[in-house]
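The numbers here are math on the coordinates, done by the rules we state, and not lab data. All values derive from a computational prediction rather than experimental measurement. Neighbour counts are summed over all protein chains in view; Cβ atoms, including those assigned to glycine, are modelled from backbone coordinates with ideal geometry.
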Amino acid sequence: MNVPLNISAQTQSRKADHIRICLEEDVQFRATTNGFEKYRFTHCCLPEIDCDEIDISQKFLGKTLNAPLLISSMTGGTEQAGVINRRLAEVAQNYKIAMGVGSQRVAVEKPQVSETFAIRKYAPDALLFANLGAVQLNYKYGLDQCLQIVDMLEADALILHLNPLQEFIQPHGDKNFKGLLDKINLLCSRLKVPVIAKEVGNGISNKMAQKLIAAGIKAIDVAGAGGTSWAKVEAERAETAIQRRLGKTFADWGLPTAECITSIREVTPDLPLIASGGLRDGLDVAKAIALGANIAGLAMPFLRAAADSEASVYDLALVLITEITTVLFCTGNKTLAQLQSSGSLQRLA
């Protein structure tokens, strides 16, 4: 597929903008939270377990993770992004947790930057997710391009991210979402790895989850509201007054992460489910697991750590794992399955 040079340069510039804005500007949700503050664990003063017996491993899409953690899809396509992805991949390998990369569209348009996504050499055993915007299926992308980005990463699965609000506000955004379910269905039937549907911070409802599953999606990342607002991010990049206004108006648009988890679990009890969207610590992760998620993804905390240093990423992963373990110990549960079935998490009145 031949893509005009100006398009690839535009995509690469956007990648750099996104990293800078997320690190330097206030682009977090304010009025809308992730919803986890509505829940509290019941403390167990006498757990009757040895902390060394606690096992927070989790199986997801055929691989066993040492902790129910996903380094959520963030970046790639620039020199800085390449450094960030390498640091994140090394930590994913060390702690045996999952990792996704940012949209690989830029590497299809500009193959010379594909090395910034080539992280399998740093994480030979990790669960790795390739990534493409679903809307690109309406812009000359198909099975060949999806195979290309999966092979580029040697990925275990492909994330198709769904971002209608971001595309609508984004300068030069792709706004034709018509007929995508049929194209997703065809892709799922032909691709050699499972396909995951993921929002980018505005959430997935149970109704949409059912439609996506019917189309062949094998797992869902709810990516709910409460964390980074991509409406705010795109407002920072706005080229017109209308775009800036839209970013402010829709800064808190979306479904809180906790609500997405519970509503999807009501209709799909066995679906592999990822919770992301505003998770900031291991307590949030434990709440997400208790509500029904299989694993939980964090982006902003890992981005900030990776932009700082390799040591900061290792420190963050360790503290998250320790926080999750602390929840299990102080609720008297040895495993994540016990945590989910114990009733330890209570909704506040």
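Panel order for HIS18, HIS172, by other beta carbons found within 10 Å of each beta carbon, from fewest to most: HIS172, HIS18. The order of the peptides 177-190, 108-121 by mean Cβ neighbours within 10 Å, most packed first, is 108-121, 177-190.
Each residue of region 215-228 was assigned a 3J(HN,Hα) from its phi angle through the Karplus curve 6.51 cos²θ - 1.76 cosθ + 1.60 (θ = phi - 60°); the sequence is 7, x, 5, 9, 7, 10, 10, 5, 6, x, 6, x, x, 7 Hz, with glycine and proline shown as x.
Using the Karplus relation 6.51 cos²θ - 1.76 cosθ + 1.60 with θ = phi - 60°, the per-residue 3J(HN,Hα) values for region 251-260 come to 4, 10, 6, x, 9, x, 4, 4, 5, 4 Hz, with x marking Gly and Pro.
Counting only alpha carbon atoms, the long axis of helix 282-291 and the longest principal axis of the chain meet at about 80°. Taking the longest Cα principal axis of the chain as reference, the axis of helix 5-24 is set at about 30 degrees. Within the chain, DSSP assigns beta bridges of which about 20% are antiparallel (rounded to the nearest 5). For the chain, the 222 nm mean residue ellipticity estimated from helices alone, with every DSSP H stretch of n ≥ 4 adding -39500 (n - 2.57) and the total spread over all residues, rounds to -13000 deg cm²/dmol.
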